[in-house]
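The values are calculated or read from the model by the stated rules, or taken from the named source; none is laboratory data. Remember, predicted model here, so these are calculated numbers, not experimental data. In this analysis, Cβ positions are derived from the backbone assuming ideal geometry, glycine residues included, and neighbour counts consider all displayed protein chains. With ligands, DNA and RNA removed, areas are computed over all heavy atoms of the protein, side chains included. Shrake-Rupley method; radii C 1.70, N 1.55, O 1.52, S 1.80 Å.
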Amino acid sequence: MLSYPLAGDRQQMLLAVYDGHGSQGELVSEFISFEMVEALESDAKLLSEDPAAALPQAGGVAAAKLRERMSNVAIGGRAARLPPPAPAPRPAA
């Protein structure tokens, strides 16, 4: 998946591969692909200042949303492990 521009910044883009497995893998991959972009763009300041910190934080947010909204989807196996829930967002400065 290619998201460009990312957070409205023409100097940033997200290139990602979401590889779903199992009977619901395609559904999970599609969900996570959109949620990752939304999570990254929701904290554009962190994305701009520290992309290395923004990626795992966004992954945690996306995984938490997956757990909430798709609780009926069986998630298992080594490839389907999700990161732990994201820490609480940083307070605005």
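Between Q11 and A92, the distance separating the two model label sites (each 7 Å from Cα on the Cα→Cβ line) works out to 2.4 nm.
Projecting label points 7 angstrom from Cα along Cα→Cβ for E38 and H21 puts them 2.7 nm apart. Based on protein heavy atoms only, the stretch 1-62 ends up with 61 Å² per residue of surface accessible to a 1.4 Å probe. Looking at the stretch 1-72, the trypsin sites (Lys or Arg not before Pro) that sit in a DSSP loop and have at most 15 other Cβ atoms within 10 Å of their own Cβ are R10.
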